[in-house]
1. What is the one condition in (1) within 25 Å of the chain's Cα centre (by Cα); (2) part of a helix (DSSP H, G or I); (3) without any contact (Cβ under 8 Å) to a residue 12 or more places away in the chain that B:Glu288 does not satisfy?
2. With the structure loaded, tell me whether B:Asp301 is at pLDDT 95 or above and either surrounded by 16 or more Cβ atoms within 10 Å (Cβ to Cβ) or not hydroxyl-bearing (Ser, Thr, Tyr) (or both) or whether it fails that test.
3. Hey, does region B:33-50 have a residue that's under 30 Å from B:Glu458 (Cα atoms) and either within 14 Å of chain A (Cβ to nearest Cβ) or charged (D, E, K, R) (or both)?
4. Is it the case that region A:19-38 has a residue that's open to solvent by less than 20 Å² (accessible area, probe 1.4 Å) and in contact with a Gly (Cβ under 6 Å, 6 or more places away or on another chain)?
5. Take B:Leu138 and tell me if it is open to solvent by less than 10 Å² (accessible area, probe 1.4 Å), more than 8 Å from chain A (Cβ to nearest Cβ) and not aromatic (Phe, Trp, Tyr).
6. Only one residue in A:Ile335, A:Ile422 is more than 23 Å from A:Leu314 (Cβ to Cβ) and more than 24 Å from the chain's Cα centre (by Cα), so which one is that?
7. So the check is Cβ under 8 Å with 6+ separation or different chains; which pairs have a first residue in region A:478-490 that's among the basic types (Lys, Arg) and a second one that's modelled with pLDDT of 95 or more and open to solvent by 30 Å² or more (accessible area, probe 1.4 Å)?
There are 2 protein chains.
Amino acid sequence: MFEDKKTEWLKKAEALKPRLYTETVKPVSGMPDEPLSENDCAVIDFGNHCVGHLTLRLSSTGSHPDAPAWLSVKLCENRKELNESLEGYHGWISKSWVQTEQMHIDVLPAEVTLPRRYAFRYVRIDVLGLSSKYRLVLEDASVESVTSADDRRIDPFRGEELDEKIDQTALRTLRSCMQDFFEDGPKRDRRLWMGDLRLQALTNYVTYKNFDLVKRCLYLFAGTVNEEGRIAACLFTEPRVEADDTYMFDYSLFFIPALLDYYTATGDEATKNELLPVALRQLALAEEQFDPETQLVKDSDRLGWCFVDWALPLNKQFCAQAIWIYCAKAAQKMIYDPQLEQTISARIQAAKKCLYDEESRLFVSGASRQISWASQVWAVLAGIAEGEEAAACLDAAALCPDAIGMVTPYMMHHYAEALCLIGRKKQALAVIRDYWGAMVKNGADTFWELFNPANPDESPYGSAVVNSYCHAWSCTPAWFLRSGILEENA
Amino acid sequence: MFEDKKTEWLKKAEALKPRLYTETVKPVSGMPDEPLSENDCAVIDFGNHCVGHLTLRLSSTGSHPDAPAWLSVKLCENRKELNESLEGYHGWISKSWVQTEQMHIDVLPAEVTLPRRYAFRYVRIDVLGLSSKYRLVLEDASVESVTSADDRRIDPFRGEELDEKIDQTALRTLRSCMQDFFEDGPKRDRRLWMGDLRLQALTNYVTYKNFDLVKRCLYLFAGTVNEEGRIAACLFTEPRVEADDTYMFDYSLFFIPALLDYYTATGDEATKNELLPVALRQLALAEEQFDPETQLVKDSDRLGWCFVDWALPLNKQFCAQAIWIYCAKAAQKMIYDPQLEQTISARIQAAKKCLYDEESRLFVSGASRQISWASQVWAVLAGIAEGEEAAACLDAAALCPDAIGMVTPYMMHHYAEALCLIGRKKQALAVIRDYWGAMVKNGADTFWELFNPANPDESPYGSAVVNSYCHAWSCTPAWFLRSGILEENA
């Protein structure tokens, strides 16, 4: 499907490749005062999260080097990564993401630029092997940082100190993820994911305002739909543009609000009209998940069929129902369809009738009638619950200790957005200050992929060693603080 | 000293930089039939010892790679290195010499050329990290091998099968060491050492005949003498030409026979005349090691003051005395000095009088009157022992189980040469077949730096892991087999 258009769309995406801004960043501390011997270690701090290329200028003292210098260089986003080891790591995310290199330097002095692009603030250099006849001098270190975010487009933000810090951290997060396209994380996966794109595009509209970068990403997704016309959960751009073979119910549907948000921010009628058929196709494809009898999304145990959040025990049926409604409503704003309006109503009613517990005032999910925060949040965002009922379900979740919690900043964004929607602006701000503020207090320069205030080392991957500490979906506090959504009369 | 000449000499050396011949070498076996997963390993065999640059062509099968491929690549001269580990290695030769690299490949397919020049036949690739969504395909591997040896200059050598194999192995050894200058070993130390140069130049004259490369090396040594005019034991050419701060009694003196051999091979009068003052200066400087009273070299405990062999307990006094005589005689062949002739005689007499045990017919060394093979060999080479007395001391050593043995091919070369000198040509050939032949039978493609037939894993460095398996000083069987020295009437 769309086979005749895809090549054209990918050409448009190619033509929208962004200009990359570079900047030379110097260490703020950690450059060793003394020459290094074998087994010595240095930890250099570049002062803030950087994405780019590291260059070391090395020389020697003592006799002429009579053997190579053998170094390990580890590049870390977060200080705690510095001492983490891969020993015993058997998680399902590849350990190849850990940013560690080894190198032999045959001739000194030397200026060595490491072979890859890295995301880091800290650099740990271990001297694995050196001759006893000389010592290694680290003369200089620098980063050629790279981003497609234009700092000059940022308006000053004034507020309470913590809010300013949260805003700065959010901006840095988005900036580091803005590269040749909107990456989910510059350490990992360095990939265009729909779930991340939607939120970083939103934040971009009120910060770096690189509208063309969003347009490029929408065309990339449209240009890589499969033979059914389905939007992939994520895609690669190297060695050529190609969709990943992962498809998720919610991520395909989120193409619709992502297109609406772009149209709302830019008024770009032509792009909206060109990509609208792709957006509507996602609604059509989602039909296969519905039971025509009940108008409910079929319950599924298949891991990852619908993302919602990284809470592994989460039953996704209710959220999928709500996300479909949320996305169908977005489609209606671009092109109204009376028949779709009836289906939306029917599915809202079905959810209220079959997936609502009158007594507890909570929405439930799946055959086990699982209670989760995510279900209440999406009930509100989709307008399944409105007014007093919406407030009631969120309040009821707070009183239900067994409710499946929220584990990602991505889910916390939706929670804060739901609070705004029901007018609880102060509470939304408190959530941002408590949750993202706690990362700031934990030393974050950029917002993390995962954060559980009760257990900062938590990871769904088996070990924090592969966690990403600069992740696009965590950048939305800048949107909350700058879009006006937190204002009482918004 | 020679300060006004050194710059000129280094310019001459620079102008003599050799042409490098390259050749593409393909694996003979070990290319994996199946794609590789995490923790898989492949061992590629390039069929012979190569010096050069390794290129791997990699692709993937399965899903689009969603994480980098993290590889360890180990390059080994000898098959037994493949499974050796650096775990627990604390020897005094830097472990940075072990040819092992790690790399992350972000984008597949990729053609990756490793960053350095390596010496190897075998390449072991370990997949340290990979995603479970794809497998790695090793499409191709190739070596761009490099040498300044011109294979077209080699005359065919015909003889018994073992002799032919020994000759081939010796040629390969020399070829791999012939680079921008005569390296001691292309794995380690990749440096110009006088002890190696003298023997590889000798072999070169009857094989690759790259006379300019010897000339270049003589000028490099002359151009880097210290303020006293002393020839260094070795020198570096990168990042600029510089002598090492290691000086050894024998290695400085060997500049003299090296110059004589060059003159004999080429008849290059101009070079001989220009460098003769440097040669004679080494004799003058050696005077500081003599006791003018006894005309004997002073005994010394300082490790490495005179090399001779890697036998650590070896007392060097006698050998140093003999090597001085050997080198002074070489000087006499270039410019005769009657006064030097008297000194030579006096020192031969002093050795015979003070460092000879009449009863056992063995030469002894040091205050402890240590008995070693090395002393007998150098007594013969220097002409301290001649005729029947020379044969007697070598025979006596064979009957003395406590005599300090010979541990390097370098020392074995001098033993075989001593046998030739006393007319024992068959025995010399037997030594070559036994000693170098045993390396061939142990799978050598090139001759090793160190070889003890009784303990092939022996190393003076604390572990065989840093041993060099292609070492210049071991290449001389081709000289023995091709120079005619083994012929009865030679």
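The values are calculated or read from the model by the stated rules, or taken from the named source; none is laboratory data. Since the model is a prediction, treat every value here as computed from it, not as a measurement. With ideal geometry, Cβ positions are generated from the backbone for all residues, glycine too; neighbour counts draw on all protein chains shown. Calculation scope for accessible area: heavy atoms of the full protein, side chains included, ligands and nucleic acids excluded. Shrake-Rupley method; radii C 1.70, N 1.55, O 1.52, S 1.80 Å.
1. Exception for B:Glu288: condition (1).
2. Numbers: at pLDDT 95 or above: no; either surrounded by 16 or more Cβ atoms within 10 Å (Cβ to Cβ) or not hydroxyl-bearing (Ser, Thr, Tyr) (or both): yes.
No; evaluated as a whole, the condition is false for this residue.
3. Start the filter on region B:33-50 by keeping residues that are under 30 Å from B:Glu458 (Cα atoms), which leaves B:41-50.
If we keep only those that are either within 14 Å of chain A (Cβ to nearest Cβ) or charged (D, E, K, R) (or both) too, we end up with B:45.
Within region B:33-50, one or more residues are under 30 Å from B:Glu458 (Cα atoms) and either within 14 Å of chain A (Cβ to nearest Cβ) or charged (D, E, K, R) (or both).
4. No: zero hits.
5. On the way: open to solvent by less than 10 Å² (accessible area, probe 1.4 Å): no; more than 8 Å from chain A (Cβ to nearest Cβ): yes; not aromatic (Phe, Trp, Tyr): yes.
No, not satisfied.
6. On the way: A:Ile422 fails: more than 23 Å from A:Leu314 (Cβ to Cβ).
Unique residue meeting the criteria: A:Ile335.
7. So the pair list comes out as A:Arg482/A:Asp155; A:Arg482/A:Phe157; A:Arg482/A:Val206.
Table: residues versus (1) at pLDDT 95 or above; (2) surrounded by fewer than 16 Cβ atoms within 10 Å (Cβ to Cβ).
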position	(1), (2)
A:Tyr356	yes, no
A:Ser365	yes, no
A:Ala391	yes, no
A:Asp395	yes, yes
A:Leu450	no, no
A:Pro453	no, yes
